[in-house]
Amino acid sequence: MTEVARRILEAAVAEFAQYGYDGARLARIAQAANVHTSQIHYYFGSKKDLYQEVQKHLQPAETTSITEVLTQADRPLPERIQLFYERFGKFVENFQALGENVPAALLPPLLKSPQSLALPPWEDMLTQAQRLGLIRNLPLPLLLAHQWTVAMIPLWFMPDKTQWPAYYQSEAPAHFWALAKNIP
C-alpha cells in the first residue's frame, strides 16, 4: 500500500468511526489525508468501495489465526487455550492502536460476540473433553461465552494496557480453567 493510500485509509477509518457510512464525506476524508478527492477514487473507487476496504482493514486475516488454533487437532487442549489467549491479546493490542471510536459495525466478529467461537471442530473437541472428564459437563454455549468473556476482560476493565500482555499470557488461561476444569 502506498503512503497516499495509507493516509486515505486512516482518514477514512476516523471519518466512518465518527460519522458512520451515511454521514461520512469524501471531501473530509480527502482533507484529513491531505489529498484531492480524485485520489480517493483512484485508489479505492467509490465511497462504498472505500467503506468495504475500511472493514477489511479493521477485520484482518489474523482474526482467523486466533480461532483456527482452537481447531488444530494435533495440539493438546491446554496448549490450544494458551495460544488462543496469547493471539487474542496480540490482536486486541494492535486493534486498539487504531483508536477507541471504532463503530460497532466495523468491529471484527471476534470482538462482538462469543458466537464467533462456535466452530464445529472446537465444539467437538470440548464435547470430547467433557466425555473424557477433562472439563466440566457444562453447556457448550456457556463454555464459549466464558472463554470469550475472559478474552474481553482487558478491553472492558483494564485501562492500563501495559497489563494486557501478562493477563493474556497467564491470567486468562487460568481464569478459563478455573471454570472449565473438572475438579473431582
One residue is enough: does the range 119-137 have a residue meeting the conditions outside any helix (DSSP H, G or I), modelled with pLDDT under 90 and under 15 Å from the mean Cα position of the chain (by Cα)?
no
When the range 23-47 is checked residue by residue, the ones that are among the hydroxyl-bearing types (Ser, Thr, Tyr) and surrounded by fewer than 12 Cβ atoms within 10 Å (Cβ to Cβ) are Ser38, Ser46
Only one of Pro165, Pro154 is touching a residue at least 12 places away in the same chain (Cβ under 8 Å), in the same structural domain as Thr67 (by TED's automatic domain parsing), surrounded by fewer than 15 Cβ atoms within 10 Å (Cβ to Cβ) and outside any loop (DSSP other than H, G, I, E, B), namely Pro165
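The values are calculated or read from the model by the stated rules, or taken from the named source; none is laboratory data. None of the values given here were measured: they were computed from a predicted structure. As a convention, Cβ positions derive from the backbone with ideal geometry for all residues, glycine included, and neighbour counts pool all protein chains shown.
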